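Data first, discussion second: the structure below is written as structure tokens.
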Amino acid sequence: MLCNPLYLLTVTSVCRNTRAALTMSSAPDVLARLVASTYAVAEKAGTIVRNVMSAGDLGIVEKTGANDLQTAADRLVQQSICWSLARKFPLITIIGEEDLPAEDVEEGLIESGQSEEILQSSFPSQYSSIKEEELVVWVDPLDGTKEYTEGLLDHVTVLIGIAYEGKAIAGVINQPYYNYQAGDSALLGRTIWGVLGLGAFGFQLKEVPAGQHIVTTTRSHSSKLVNDCIAAINPDKVVRVGGAGNKIIQLIEGQASAYVFASPGCKKWDTCAPEAVLHAVGGKLTDIHGNPFEYHKDVKHMNSAGVLATLRNYNYYFSRVPDSVKQALVP
């Protein structure tokens, strides 16, 4: 699965047409406005995901195989996110997971709102020099697509990450089906957001009890390498779930102490938003070698050396990754 080059071309075209007329706002206003808009866009994305499921036709296609699916929700959500943000922020670079034709979208997919609460937040002064064109937005319109098609709805998230100078600095995670098993539609869904240096919001931070080692890992992309790495850690429990966003939520809500994925399957749009939220509460996310990820617009999309993430005690888990696993995964 590649970056969406046609969306990048579309956004670039919009930039050229509006650059002369655009008056840049000073940061942190730029970042605050982008995060506030992204929050509203993510909320709309969650509604789109639910509407597609309710309509009964998921529009499933296989991209590279049975474990790599695309649904109507993937397509509509990416259109909604990319076009909504590009209209308000024509100088940003937007990279989405899905390869879709560059065409106008229905106005009903466009979200022009923003979170007033986020706009009123005091963003760190370290972002004061940011310019709009220096920001890169990474979009996974439906993280956990396979689980979505199988009815494992609590695994599903919408991920929108914001990077500056190659670093994930802000992220928004929408869970369209949060609380869906409670049966109260008024409480259905939630949106988590975080900014490095400001904090993360929309959930209750909780840690696994001291001394317990619970590993969360892939549900549908397991391999001998993944299992060998987990076995070397010798956890008390292994939780296999879908979606990178869902796994990071497991960490920040005390359901797991480490996210271990010794495989090259993850992409930058899978990790940018979750990494920003995790780092905003003091956690750590790297590849299996301990290297940080970079999110420049020209970086390769594959996280070829896997993922290792924790809320606390990162060194404990990193020290237990076997050399054989590290040698098999080349950064």
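The values are calculated or read from the model by the stated rules, or taken from the named source; none is laboratory data. Predicted model, so just to flag it, every value in this text is computed and none were measured. Cβ coordinates were reconstructed from backbone atoms using ideal geometry, including for glycine residues, and neighbour counts include every protein chain displayed. Only protein heavy atoms, including side chains, enter the accessible area calculation; ligands, DNA and RNA are left aside. Shrake-Rupley method; radii C 1.70, N 1.55, O 1.52, S 1.80 Å.
Could you tell me whether region 318-325 includes any residue that is within 14 Å of the chain's Cα centre (by Cα) and either among the small types (Gly, Ala, Ser) or open to solvent by less than 20 Å² (accessible area, probe 1.4 Å) (or both)? Checked against the condition, which is being within 14 Å of the chain's Cα centre (by Cα) and either among the small types (Gly, Ala, Ser) or open to solvent by less than 20 Å² (accessible area, probe 1.4 Å) (or both), region 318-325 yields no hits at all. Confirm whether Gly211 is open to solvent by 10 Å² or more (accessible area, probe 1.4 Å), modelled with pLDDT under 95 and in a loop (DSSP other than H, G, I, E, B). Judged against the criteria, Gly211 is a match.
In region 214-309, counting only helices (runs of 4 or more DSSP H) that sit wholly within it, the ones holding 1 or more residues that are closer than 23 Å to Ile94 by Cβ and among the basic types (Lys, Arg) span 268-280.
Checked against (1) under 27 Å from Asp154 (Cβ atoms); (2) free of Cβ contacts under 8 Å to residues at least 60 places away in the same chain; (3) open to solvent by less than 50 Å² (accessible area, probe 1.4 Å), Gly113 meets all criteria but (2). Go through the residues of region 289-303 one by one and say whether even a single one is without any contact (Cβ under 8 Å) to a residue 60 or more places away in the chain, within 16 Å of the chain's Cα centre (by Cα), closer than 25 Å to Gln327 by Cα and open to solvent by less than 10 Å² (accessible area, probe 1.4 Å). Scanning region 289-303 turns up at least one residue that is without any contact (Cβ under 8 Å) to a residue 60 or more places away in the chain, within 16 Å of the chain's Cα centre (by Cα), closer than 25 Å to Gln327 by Cα and open to solvent by less than 10 Å² (accessible area, probe 1.4 Å). Only residues that are under 22 Å from His221 (Cβ atoms) and open to solvent by less than 10 Å² (accessible area, probe 1.4 Å) were counted across region 67-88, and they come to 5.
Scanning region 129-142 for residues that are of a type in the set (Ser, Thr, Tyr) and open to solvent by less than 20 Å² (accessible area, probe 1.4 Å) yields a total of 0.
Yes or no, residue by residue, for (1) surrounded by fewer than 16 Cβ atoms within 10 Å (Cβ to Cβ); (2) at pLDDT below 50; (3) among the aliphatic types (A, V, I, L, M):
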{"position": "Leu8", "(1), (2), (3)": "no, yes, yes"}
{"position": "Ala21", "(1), (2), (3)": "yes, yes, yes"}
{"position": "Leu31", "(1), (2), (3)": "no, no, yes"}
{"position": "Ala36", "(1), (2), (3)": "no, no, yes"}
{"position": "Asn51", "(1), (2), (3)": "yes, no, no"}
{"position": "Ser54", "(1), (2), (3)": "yes, no, no"}
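Against the conditions (1) touching a residue at least 60 places away in the same chain (Cβ under 8 Å); (2) more than 17 Å from the chain's Cα centre (by Cα), Glu62 satisfies every one except (1).
For region 147-176, a residue qualifies if it is part of a strand (DSSP E or B), open to solvent by 10 Å² or more (accessible area, probe 1.4 Å) and not charged (D, E, K, R), and the qualifying residues are Tyr164, Gln175. Taking interchain pairs and intrachain pairs at least six residues apart, which have beta carbon atoms under 6 angstrom, with the first residue in region 223-243 and on the phi > 0 side of the Ramachandran plot and the second open to solvent by less than 30 Å² (accessible area, probe 1.4 Å) and assigned to a helix (DSSP H, G or I)? So the pair list comes out as Gly243/His155. For Gln126, the stated conditions hold: it is open to solvent by 10 Å² or more (accessible area, probe 1.4 Å) and either more than 20 Å from Ala45 (Cβ to Cβ) or touching a Gly at 6+ places or on another chain (Cβ under 7 Å) (or both).
Looking across Gly194, Gly202, one residue alone is surrounded by 19 or more Cβ atoms within 10 Å (Cβ to Cβ) and either on the phi > 0 side of the Ramachandran plot or small (Gly, Ala, Ser) (or both). It is Gly194.
Restricting region 89-101 to residues that are within 13 Å of Leu76 (Cα to Cα) and of a type outside the set (Asp, Glu), which is most open to solvent (accessible area, probe 1.4 Å)? The qualifying residue most open to solvent (accessible area, probe 1.4 Å) is Pro101. If the condition is being touching a strand residue (DSSP E or B) at 6+ places or on another chain (Cβ under 8 Å) and charged (D, E, K, R), then region 148-159 contributes only Asp154. Once region 304-331 is narrowed to residues that are among the charged types (D, E, K, R) and in contact (Cβ under 8 Å) with a residue 60 or more places away in the chain, the residue that is nearest to Asn246 (Cα to Cα) is Arg312. For region 261-277, a tally of residues being touching a residue at least 60 places away in the same chain (Cβ under 8 Å) and buried (at least 24 other Cβ atoms within 10 Å of the Cβ) returns 11.
In this structure, is Lys247 among the charged types (D, E, K, R) and either open to solvent by 40 Å² or more (accessible area, probe 1.4 Å) or closer than 20 Å to Ile214 by Cα (or both)? So Lys247 fits the description; yes.
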